Amino acid sequence: MGQDGVREESRWVSATPWLAAIGVASTALVAAGGLPGPIDGLMWGQGQSLDNPEITIQVATGMAALSLGVLALARLELARMEQHRGRLAQSLAQVAYEEAVHNRLEARRLEIAGQIADRFVRAVDLLASASLDSRIGGIYSLEWVARDSPDHGQSVIDVLCAFLRGHERDQELPVDQIASDIQTALLVVGRSIDYFPDRVINLREADLAGANLGRAQLGGADIMGANLAHSHLLGTDLTGALVLGVDLSGAHIEANFRDAHLLRVNFSHAQLMPQTVIEGARLDDANFNDAEILFEPAGAGWDPDHPPTWPDYMDPPENLWSLLSR
């Protein structure tokens with residue numbers, strides 16, 4: 001339909017309510033007062049002549065009014081149906097558009113998920129490479145996967161922790177050093193809280209002697225039985241961590257052990273700096289022989305039958321459990 005046709009249709013539809021009103025009124029008038037007298041008379045056989053001009057005009061007027069009313073009602077119904085079809089078409093078009101947008105977004109989501117999965121697999125493969133540079137590249141690639149996709153965060157941490165637990169120490173390295181790929185993996189795990197705060201860290205029995213855990217965020221981590229001899233824990237957060245049986249001999253420590261489980265930890269020959277915190281920690285059977293304790297070891301507790309061993313040069317601090325039982 002051209003623009004003239006659209007305008008004509010619009011004029012007709014806009015005039016329809018007036019035509020409808022006239023038609024309805026005319027129809028109501030005819031219905032209420034009956035047909036004009038001559039027609040009424042003719043219908044009932046009263047024999048009035050149609051040759052009378054007045055009668056002819058009355059008949060024509062009545063029939064025109066009736067026809068106009070019927071026509072107006074028909075046009076009104078047609079306009080209503082057209083409007084309904086228009087609204088229905090608009091609704092269907094909106095539904096189709098929204099479905100198309102949803103399908104595009106879903107396709108894009110699946111495409112991105114597939115790309116991330118491929119990146120994850122390639123990064124894991126790099127960890128098994130004989131090349132040190134490739135392993136380090138794989139570690140950083142895994143970190144970026146975790147940053148880009150929180151859904152892969154725990155999987156990345158699990159892979160890196162397994163890599164650390166399965167690592168065999170290079171016996172040619174000095175006791176206070178560790179391989180660079182292991183140090184890199186520790187760095188990534190230790191700062192993963194920045195983008196994945198709910199991660200679970202399992203470093204049980206990992207051989208991490210000589211590692212630098214400076215500023216590592218390991219609160220709540222499980223490092224039971226790990227070897228951290230001669231390591232550096234400066235600014236390390238081990239709040240609430242499971243540190244049972246860990247070897248920290250000869251380590252340089254300025255860590256937060258608040259509420260940590262330090263049962264049977266070997267602190268012998270370690271240097272515990274002034275900012276070290278052990279409030280609320282468990283120290284059952286912990287060994288501080290020959291340790292240099294430069295902080296106030298107050299606020300910790302232990303089973304009276306399994307007290308920690310303190311250096312000869314210091315008076316043992318009070319057992320928190322004994323203080324609480326008073």
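Every number in this text was worked out from the coordinates using simple rules, so none of it is lab data. Worth saying up front: this structure is predicted, and the values here are computed from it rather than measured. Positions of Cβ are generated from backbone atoms using ideal geometry, with glycine treated the same way; all protein chains shown enter the neighbour counts.
With θ set to phi - 60°, apply the Karplus curve 6.51 cos²θ - 1.76 cosθ + 1.60 along region 116-124 and write out the HN-Hα couplings as whole Hz, x wherever there is a Gly or Pro.
Taking θ as phi minus 60°, the curve returns 5, 4, 5, 4, 4, 4, 5, 5, 4 Hz for region 116-124.
Output the relative contact order of region 128-324, whole-number percent, from Cα pairs under 8 angstrom with separation of 6+ residues.
Taking the mean separation of contacting Cα pairs over the length of region 128-324, I get 12 percent.
Report the Cα centroid-to-centroid distance between region 109-127 and region 266-326 in angstrom, as an integer.
Each part reduced to its Cα centre gives a spacing of 47 Å.
Hey, got the dipole for region 138-246? About the Cα centre, +1 on K and R Cβ, -1 on D and E Cβ, debye to the nearest 20?
200 debye
Would you mind counting up the charge near Ala286? Only other residues with Cβ under 13 Å from its Cβ, with Lys and Arg at +1 and Asp and Glu at -1.
Its environment carries a net charge of -2.
May I ask which residue of Gly138, Val121, Ala162 lies farthest towards the positive end of the charge dipole of region 52-195, with charges of +1 (Lys, Arg) and -1 (Asp, Glu) on Cβ and the Cα centre as origin?
Farthest towards the positive end: Val121.
Counting other C-beta atoms within 10 Å, which of Thr309, Thr184, Thr236 has the fewest, and how do the rest follow?
Thr309, Thr184, Thr236
Length gain on complete extension for the stretch Gln171 to Glu98, per 0.36 nm per residue less the alpha carbon to alpha carbon distance?
Full extension from Gln171 to Glu98 adds 20.0 nm.
Ordered by packing density, taken as the mean number of other Cβ atoms within 10 Å over each peptide's residues, highest first, how do 171-183, 291-303, 206-218 rank?
Per-residue mean Cβ counts within 10 Å order the peptides as 206-218, 291-303, 171-183.
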